[in-house]
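Asks: Okay, handing you the structure first.
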Amino acid sequence: MTVLDFAPLLAPGLPAPAAKWTSFPKYNFTGGHNDGEQVPLDAIVKAANDVLIREGRTLATYGLESGPQGYRPLREFLAQKLKRTAGIVCTADDILITSGSLQALDLVNGILLSRGDTIITEAETYQGALNRWTRLGVTAVGIPLDGDGMRMDALAAALDVLKRRGVRAKYIYTVPTVQNPTGTILSEARRAEMLKLAEQHGVPIFEDDCYSDLIWDGRRPPALHAMCKHGGVIHIGSFSKSIAPALRVGYIVADWSLISRMLAIKSDAGSGALEQMVLGEFCPAHFDTHVPELTRGLHKKLETLMDALNEQFGTAAEFEDPKGGIFLWVKLPDQVDTLKLYQPALAAGVAVNPGPEWTTDKAYGKSRTRLCFANPSHEAIRAGVAALAEVCRREFGVPDRIANVQRARA
Ligand SMILES: Cc1ncc(COP(=O)(O)O)c(C=O)c1O
């Protein structure tokens with residue numbers, strides 16, 4: 001039997017094929033996975049049972065009985081939660097439930113971006129956003145960060161340069177509250193400054209707030225959406241980081257004039273209903289007790305990771321102590337190329353995210369790596385960092401002392 005060759009039929013411009021998944025590496029510091037021990041299973045099981053017994057027959061209709069914007073009780077929970085925690089004034093009608101906030105990125109991009117457009121972003125940023133801009137043929141102008149998040153002097157300068165060139169950026173993408181990957185929180189003063197600059201230049205802000213519940217001291221500045229007086233902010237969020245990423249539930253807060261355009265390109269006839277129903281049942285009763293518990297556990301894992309890095313890498317690993325989240329953004333010595341570290345580390349069972357995949361400036365990202373500490377156990381964090389230090393020393397000669405023991409040069 002001859003096998004049909006699909007290769008000549010494939011649409012031009014497809015991204016590279018995905019690698020086949022086999023299993024998670026032994027020490028997995030990649031991705032935005034959550035802590036399995038902390039998934040609130042009992043309450044989720046009960047919520048699923050209760051909501052299905054009560055409302056299960058609505059599964060017979062697309063969109064349940066809530067319409068295409070998503071399960072109404074979940075949107076109502078979000079409207080009151082966003083008011084309480086982020087200061088956002090909105091109603092269930094201003095919210096669109098999406099299949100993870102990745103779909104939110106696609107929908108916002110879908111209504112705003114075309115090939116050749118320019119957007120502005122933090123120079124260190126989320127790989128999923130960077131990949132989308134590349135795929136769409138959009139130029140991403142990276143703005144450097146410091147300990148308080150995106151630098152407003154650099155943003156002002158970039159907006160001026162674009163203006164002189166006659167370019168109006170389509171949006172300023174920012175992860176202002178526990179930034180990915182730097183873990184910084186944009187100060188309230190800078191938020192006000194960003195809003196002023198955005199308004200002056202007629203550029204919307206695209207606020208991606210998926211880590212904002214995971215702050216060690218629970219205190220966050222108001223959302224940009226909350227501080228904006230001229231309706232120029234699209235806000236997105238997710239339950240991936242606060243509850244569980246496999247649920248695939250995210251959301252968009254925007255004016256109907258935008259949601260109506262997004263609904264017109266949202267091609268899945270509604271995001272998965274079961275997970276929305278479960279969250280709509282679980283969250284009003286349990287979100288507020290679950291999140292601080294989860295956050296305490298994550299903070300302990302961060303401490304284990306920082307201790308392990310200090311012990312195994314000494315001064316060869318530099319990092320700031322993030323105020324929340326699930327990542328540590330680590331600078332290794334200049335001679336380390338984290339893209340080249342990736343494969344040998346994986347062969348030793350350690351998966352890390354190479355820095356160039358999280359930056360608009362690939363040279364800046366070269367010796368940096370992002371480590372997600374949420375999923376591995378404390379023991380796996382310690383053993384994984386020790387294994388990573390061995391590989392790094394073998395491949396790049398650093399660190400030359402591991403666990404305070406001088407090693408022969410590789
Ligand atoms: C900044 C940012 N935005 C969006 C997402 C997408 O998350 P999800 O689709 O699971 O909501 C992630 C995931 O890691 C992220 O870090």
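Asks: What Rg and what Dmax come out for the chain when only alpha-carbon atoms are used, in angstroms?
Replies: Spelled out, the Cα radius of gyration and Dmax of the chain are 22.0, 68 Å.
Asks: Quick check for you: with a 1.4 Å probe and neighbouring chains kept, what is the accessible area per residue of the stretch 1-83, in Å²?
Replies: Numbers: 6000 Å² over 83 residues.
Here the per-residue accessible area is 72 Å².
Asks: In whole angstrom, how far apart do the alpha carbon centroids of the stretch 71-127 and the stretch 188-232 sit?
Replies: 13
Asks: Nearest 5 is fine: what % of DSSP beta bridges in the chain come out antiparallel, could you say? Write down the numbers at each step before the final one.
Replies: On the way: 24 of 40 bridges.
Just about 60 percent of them are antiparallel.
Asks: How far apart, in nm, are two points set 7 Å out from the Cα along the Cα-to-Cβ line at I111 and at D255?
Replies: 1.1
Asks: Using a Gaussian network model of the chain with C-alpha springs under 10 Å, which one of P17, P354, P221 is most mobile by mean-square fluctuation?
Replies: Result: P17 has the largest fluctuation of those listed.
Asks: Also, quick follow-up: Given the whole protein assembly as supplied and a 1.4 Å probe, what does the accessible area of V203 come to in Å², nearest 10?
Replies: 10
Asks: For the stretch 277-410, just the Cα set please: Rg and Dmax, both in angstrom.
Replies: Expressed in Å, the Cα Rg and Dmax of the stretch 277-410 come to 16.8, 58.
Asks: Provide the packing ranking of 340-350, 114-124, i.e. peptides ordered by the mean count of other C-beta atoms within 10 Å per residue, highest first.
Replies: Values: 340-350: 17.5, 114-124: 19.5.
Descending packing order for the listed peptides: 114-124, 340-350.
Asks: Report the Rg/Rh value for the stretch 198-319, based on alpha-carbon coordinates and the Kirkwood definition of Rh.
Replies: Values: Rg = 18.6 Å, Rh = 17.5 Å.
Result for the stretch 198-319 is an Rg/Rh of 1.06.
Asks: Given a Förster distance of 60 angstrom, what is the FRET efficiency for A269 paired with N310, based on the Cβ-Cβ distance and rounded to 0.05? Before the final figure, lay out the partial values.
Replies: Working: r = 51 Å, r/R0 = 0.85.
The pair A269/N310 has a calculated efficiency of 0.75.
Asks: Right, something else. Quick check on the chain: helices-only [θ] at 222 nm, where DSSP H runs of length 4 and up contribute -39,500 (n - 2.57) each and the sum goes over total residues. Nearest 500, please.
Replies: -13000 deg cm²/dmol
Asks: Quick one: work out the % antiparallel among DSSP beta bridges in the stretch 150-293, nearest 5. Before the final figure, lay out the partial values.
Replies: On the way: 5 of 12 bridges.
Once the DSSP bridges in the stretch 150-293 are tallied, antiparallel ones form about 40 percent.
Asks: Just R57, R84, R296 to compare: in a GNM of the chain, with alpha carbon springs under 10 Å, which one fluctuates most?
Replies: In the Gaussian network model the winner is R57.
Asks: What's the ranking of 373-382, 61-70 by average number of surrounding C-beta atoms within 10 Å, highest first?
Replies: For the peptides 373-382, 61-70, the packing ranking is 373-382, 61-70.
Asks: Now, a different point. Within the stretch 282-325, list the residues whose amide N lies under 18 Å from a label point set 7 Å along Cα→Cβ of D400.
Replies: 312-318, by backbone N distance to the label point.
Asks: Could you work out what % of the accessible surface of the chain is carbon and sulfur, using a 1.4 angstrom probe and leaving DNA, RNA and ligands out of the count? Don't skip to the answer; put the middle values down first.
Replies: Values: 10350 of 19010 Å².
Answer for the chain: carbon and sulfur cover 54 percent of the accessible area.
Asks: How big is the Cα convex hull of the stretch 46-149 in projection, averaged over all directions, in nm²? Numbers along the way, then the final one.
Replies: Details: hull surface 38.2 nm².
Over all viewing directions, the stretch 46-149 projects a mean Cα-hull area of 9.6 nm².
Asks: So between D146 and L41, what do we pick up on full extension, going 0.36 nm a residue minus the alpha carbon distance? If you can, show how the numbers build up before the last one.
Replies: Details: separation 105, 0.36 × 105 = 37.80 nm, distance 3.84 nm.
So the chain would gain 34.0 nm between D146 and L41.
Asks: Using the heavy atoms of the protein chains and a 1.4 angstrom probe, tell me the accessible area per residue for the stretch 275-410 in square angstrom.
Replies: On the way: 5760 Å² over 136 residues.
Each residue of the stretch 275-410 exposes 42 Å² on average to a 1.4 Å probe.
Asks: With r as the distance between the Cβ atoms of A60 and Q335 and R0 = 41 Å, compute the FRET efficiency 1/(1 + (r/R0)^6) and round to 0.05. Please list the in-between numbers first.
Replies: Working: r = 62 Å, r/R0 = 1.50.
Computed FRET efficiency for Q335 and A60 comes out at 0.10.
Asks: Can you give me the P(r) profile for the stretch 24-66? Cα pairs, bins 10 angstrom wide beginning at 0, each as a whole percent.
Replies: 22, 29, 25, 20, 4
Asks: Take the alpha carbon atoms of the stretch 128-142, find their center, do the same for the stretch 251-276, and report the distance between the two centers in whole angstrom.
Replies: Cα centres, the stretch 128-142 to the stretch 251-276: 22 Å.
Asks: Another one. Can you tell me the Rg and the Dmax, both Å, for the Cα atoms in the stretch 149-266?
Replies: Just the Cα atoms of the stretch 149-266 yield Rg and Dmax of 15.0, 45 Å.
Asks: Can you put F327, F24 in order of accessible area, largest first, using a 1.4 Å probe?
Replies: Numbers: F327 10, F24 115 Å².
These residues rank, largest area first, as F24, F327.
The values are calculated or read from the model by the stated rules, or taken from the named source; none is laboratory data. In this text, all values refer to a predicted model and were calculated from it rather than measured experimentally. So basically every Cβ, Gly included, is an ideal-geometry build from the backbone, and we count neighbours across all protein chains shown. We work out accessible area using only protein heavy atoms, side chains counted, and drop any ligands, DNA or RNA first. Shrake-Rupley method; radii C 1.70, N 1.55, O 1.52, S 1.80 Å.
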